[in-house]
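The next block holds one structure in the form of C-alpha coordinates; read it before the comments.
The values are calculated or read from the model by the stated rules, or taken from the named source; none is laboratory data. Treat the numbers as computed from the prediction; the structure is a model and nothing was measured. Glycine also receives a Cβ, built like all others from the backbone with ideal geometry; neighbour counts cover every protein chain displayed.
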(Lines give C-alpha, C1' and ligand atoms only; values in the text may rest on other atoms or scores of the structure.)
Protein backbone atom coordinates (compact mmCIF):
# COMPACT_ATOMS: atom_id res chain seq x y z
CA UNK A 1 0.00 0.00 0.00
CA UNK A 2 1.63 3.30 -1.03
CA UNK A 3 -0.07 5.51 1.57
CA UNK A 4 -0.42 5.39 5.32
CA UNK A 5 -3.82 6.67 6.40
CA UNK A 6 -5.48 6.88 9.78
CA UNK A 7 -8.49 8.36 11.55
CA UNK A 8 -7.83 7.91 15.25
CA UNK A 9 -9.84 10.29 17.42
CA UNK A 10 -8.64 10.69 21.00
CA UNK A 11 -10.19 12.41 24.02
CA UNK A 12 -7.30 13.64 26.20
CA UNK A 13 -7.85 14.68 29.82
CA UNK A 14 -5.27 16.12 32.21
CA UNK A 15 -5.27 18.45 35.17
CA UNK A 16 -3.14 21.14 36.68
CA UNK A 17 -0.61 19.96 39.25
CA UNK A 18 -2.48 18.98 42.43
CA UNK A 19 -5.67 20.13 40.67
CA UNK A 20 -4.94 23.72 41.61
CA UNK A 21 -7.62 26.04 40.17
CA UNK A 22 -5.07 28.00 38.14
CA UNK A 23 -7.47 28.53 35.23
CA UNK A 24 -10.20 30.26 37.25
CA UNK A 25 -10.02 33.42 35.17
CA UNK A 26 -12.36 32.72 32.24
CA UNK A 27 -10.50 34.77 29.60
CA UNK A 28 -7.23 33.08 30.64
CA UNK A 29 -8.88 29.67 30.49
CA UNK A 30 -10.28 30.39 27.03
CA UNK A 31 -6.86 31.57 25.87
CA UNK A 32 -5.29 28.37 27.24
CA UNK A 33 -7.87 26.25 25.41
CA UNK A 34 -7.22 28.12 22.17
CA UNK A 35 -3.48 27.75 22.64
CA UNK A 36 -3.77 24.01 23.39
CA UNK A 37 -5.79 23.56 20.20
CA UNK A 38 -3.19 25.49 18.21
CA UNK A 39 -0.29 23.47 19.61
CA UNK A 40 -2.14 20.25 18.86
CA UNK A 41 -2.74 21.42 15.28
CA UNK A 42 0.96 22.27 14.93
CA UNK A 43 1.72 18.67 15.89
CA UNK A 44 -0.65 17.54 13.09
CA UNK A 45 -3.14 16.34 15.69
CA UNK A 46 -6.17 18.19 14.39
CA UNK A 47 -8.03 19.75 17.29
CA UNK A 48 -11.80 19.26 17.22
CA UNK A 49 -12.61 20.96 20.54
CA UNK A 50 -10.79 21.99 23.72
CA UNK A 51 -12.60 22.72 26.97
CA UNK A 52 -12.50 22.29 30.69
CA UNK A 53 -12.73 24.16 33.94
CA UNK A 54 -10.35 25.82 36.39
CA UNK A 55 -8.32 22.70 37.22
CA UNK A 56 -8.29 20.49 34.12
CA UNK A 57 -8.68 20.33 30.36
CA UNK A 58 -10.31 18.07 27.80
CA UNK A 59 -9.01 17.95 24.25
CA UNK A 60 -10.71 16.04 21.44
CA UNK A 61 -8.47 15.66 18.41
CA UNK A 62 -7.41 13.41 15.56
CA UNK A 63 -4.08 11.86 16.42
CA UNK A 64 -1.38 12.21 13.80
CA UNK A 65 0.17 9.06 12.38
CA UNK A 66 3.63 10.41 13.15
CA UNK A 67 3.49 10.96 16.90
CA UNK A 68 2.73 8.73 19.87
CA UNK A 69 0.12 9.75 22.40
CA UNK A 70 2.78 10.19 25.09
CA UNK A 71 4.90 12.45 22.85
CA UNK A 72 1.81 14.45 21.87
CA UNK A 73 0.77 15.04 25.49
CA UNK A 74 4.34 15.77 26.61
CA UNK A 75 4.68 18.48 23.97
CA UNK A 76 1.21 19.92 24.68
CA UNK A 77 2.07 20.24 28.36
CA UNK A 78 5.58 21.58 27.78
CA UNK A 79 4.59 24.31 25.35
CA UNK A 80 1.44 25.41 27.21
CA UNK A 81 3.25 25.51 30.56
CA UNK A 82 5.83 27.85 29.06
CA UNK A 83 3.04 29.92 27.53
CA UNK A 84 1.16 30.19 30.85
CA UNK A 85 4.27 31.25 32.76
CA UNK A 86 5.04 33.95 30.21
CA UNK A 87 1.42 35.04 29.74
CA UNK A 88 0.61 36.00 33.31
CA UNK A 89 3.05 36.66 36.20
CA UNK A 90 0.54 35.06 38.61
CA UNK A 91 1.16 31.77 36.77
CA UNK A 92 4.93 31.71 37.28
CA UNK A 93 4.62 28.31 38.98
CA UNK A 94 2.15 26.82 36.49
CA UNK A 95 2.46 23.05 36.04
CA UNK A 96 0.34 20.25 34.67
CA UNK A 97 -0.03 16.93 36.48
CA UNK A 98 2.39 14.23 35.39
CA UNK A 99 -0.25 11.84 34.08
CA UNK A 100 -3.11 11.99 31.61
CA UNK A 101 -6.03 10.01 30.30
CA UNK A 102 -6.34 9.15 26.62
CA UNK A 103 -9.63 7.65 25.50
CA UNK A 104 -10.48 6.38 22.03
CA UNK A 105 -13.57 7.86 20.42
CA UNK A 106 -15.48 6.16 17.63
CA UNK A 107 -16.63 8.33 14.71
CA UNK A 108 -20.23 7.82 15.77
CA UNK A 109 -19.47 9.28 19.23
CA UNK A 110 -17.58 12.43 18.23
CA UNK A 111 -20.61 14.72 18.56
CA UNK A 112 -21.48 13.21 21.97
CA UNK A 113 -17.95 13.83 23.28
CA UNK A 114 -17.92 17.36 21.82
CA UNK A 115 -21.15 18.10 23.68
CA UNK A 116 -19.72 16.62 26.88
CA UNK A 117 -16.66 18.89 26.62
CA UNK A 118 -18.81 21.94 25.86
CA UNK A 119 -20.84 21.30 29.03
CA UNK A 120 -17.92 21.06 31.46
CA UNK A 121 -18.98 24.08 33.55
CA UNK A 122 -22.43 22.60 34.15
CA UNK A 123 -21.08 19.09 34.69
CA UNK A 124 -18.66 20.25 37.38
CA UNK A 125 -21.36 21.88 39.44
CA UNK A 126 -22.24 18.29 40.39
CA UNK A 127 -18.98 16.33 40.13
CA UNK A 128 -15.35 17.09 40.91
CA UNK A 129 -12.44 16.15 38.66
CA UNK A 130 -11.56 12.97 40.56
CA UNK A 131 -15.10 11.61 40.22
CA UNK A 132 -15.22 12.52 36.53
CA UNK A 133 -11.83 10.96 35.82
CA UNK A 134 -12.64 7.73 37.67
CA UNK A 135 -15.89 7.49 35.70
CA UNK A 136 -14.07 7.93 32.38
CA UNK A 137 -11.56 5.24 33.32
CA UNK A 138 -14.31 2.83 34.33
CA UNK A 139 -16.37 3.49 31.17
CA UNK A 140 -13.32 2.71 29.06
CA UNK A 141 -12.44 -0.41 31.08
CA UNK A 142 -9.09 0.98 32.19
CA UNK A 143 -7.71 -0.54 35.36
CA UNK A 144 -6.15 1.96 37.74
CA UNK A 145 -4.55 2.20 41.14
CA UNK A 146 -5.62 5.23 43.19
CA UNK A 147 -2.19 5.37 44.86
CA UNK A 148 -0.62 6.51 41.60
CA UNK A 149 -3.33 8.65 40.04
CA UNK A 150 -3.22 11.95 41.84
CA UNK A 151 -0.35 14.43 41.82
Unique match (being within 16 Å of residue 10 (Cβ to Cβ) and not in a helix (DSSP H, G or I)) among 50, 73, 113, 39: 50
Residue check for residue 143: surrounded by fewer than 12 Cβ atoms within 10 Å (Cβ to Cβ), farther than 19 Å from residue 29 by Cβ and in contact with a helix residue (DSSP H, G or I) (Cβ under 9 Å, 6 or more places away or on another chain): yes
Looking at this structure, is residue 11 in contact with a helix residue (DSSP H, G or I) (Cβ under 6 Å, 6 or more places away or on another chain) and either over 14 Å from residue 60 (Cα atoms) or surrounded by 21 or more Cβ atoms within 10 Å (Cβ to Cβ) (or both)? yes
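Conditions (1) over 20 Å from residue 34 (Cα atoms); (2) surrounded by 11 or more Cβ atoms within 10 Å (Cβ to Cβ), marked per residue:
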{"position": "85", "(1), (2)": "no, yes"}
{"position": "88", "(1), (2)": "no, yes"}
{"position": "108", "(1), (2)": "yes, no"}
{"position": "120", "(1), (2)": "no, yes"}
{"position": "138", "(1), (2)": "yes, yes"}
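Against the definition (surrounded by 14 or more Cβ atoms within 10 Å (Cβ to Cβ), within 11 Å of the chain's Cα centre (by Cα) and either modelled with pLDDT of 95 or more or within 24 Å of residue 150 (Cβ to Cβ) (or both)), how does residue 40 come out, yes or no? Steps first, answer last, please.
On the way: surrounded by 14 or more Cβ atoms within 10 Å (Cβ to Cβ): yes; within 11 Å of the chain's Cα centre (by Cα): yes; either modelled with pLDDT of 95 or more or within 24 Å of residue 150 (Cβ to Cβ) (or both): yes.
Yes; evaluated as a whole, the condition is true for this residue.
Just to be sure, is residue 99 more than 13 Å from residue 14 (Cβ to Cβ), assigned to a loop (DSSP other than H, G, I, E, B), at pLDDT below 95 and touching a helix residue (DSSP H, G or I) at 6+ places or on another chain (Cβ under 9 Å)? Spell out the reasoning first.
Numbers: more than 13 Å from residue 14 (Cβ to Cβ): no; assigned to a loop (DSSP other than H, G, I, E, B): yes; at pLDDT below 95: yes; touching a helix residue (DSSP H, G or I) at 6+ places or on another chain (Cβ under 9 Å): yes.
Taking the combined requirement at face value, the residue does not satisfy it.
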All but one of (1) out of contact with any strand residue (DSSP E or B) (no Cβ under 8 Å at 6 or more places or on another chain); (2) part of a helix (DSSP H, G or I); (3) in contact (Cβ under 8 Å) with a residue 12 or more places away in the chain; (4) closer than 22 Å to residue 137 by Cβ hold for residue 83, so report the exception by its number. (4)
